[in-house]
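Structure, as structure tokens:
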Amino acid sequence: MPDLIAPMMATLAPLPPDDPDFAFEYKWDGVRTIAFFDRGRCRLQTRNLLDTTR
């Protein structure tokens with residue numbers, strides 16, 4: 001598995017036009033993680049490199 005994948009940080013911006021070619025995500029408060037999957041194993045990591053896998 002890769003040691004690190006840098007997450008794309010959420011940024012405030014005006015809503016995009018109502019167009020099916022646009023995809024966007026609302027910024028919800030909480031913990032964001034990146035999930036690594038490799039050969040049936042999963043690891044969760046925060047942007048601060050903390051392992052949150054349980």
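Tabulated data
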| quantity | calculated |
| --- | --- |
| Odd one out for Trp28, checked against (1) of a type in the set (A, V, I, L, M, F, W, C); (2) in contact with a strand residue (DSSP E or B) (Cβ under 9 Å, 6 or more places away or on another chain); (3) free of Cβ contacts under 8 Å to residues at least 12 places away in the same chain | (2) |
| Residue selected from region 10-48 under the condition modelled with pLDDT under 85 and among the aliphatic types (A, V, I, L, M), by the criterion surrounded by the fewest Cβ atoms within 10 Å (Cβ to Cβ) | Leu12 |
| Tabulated pairs, region 31-49, first under 11 Å from Leu4 (Cβ atoms), second surrounded by 14 or more Cβ atoms within 10 Å (Cβ to Cβ) and polar (S, T, N, Q), C-beta under 8 angstrom, 6+ apart or interchain | Ile34/Gln45; Phe36/Gln45; Gln45/Thr33 |
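The values are calculated or read from the model by the stated rules, or taken from the named source; none is laboratory data. Here the structure is a predicted model, which means the values were calculated and not measured. Cβ atoms come from the backbone with ideal geometry, glycine included; neighbour counts cover every protein chain shown.
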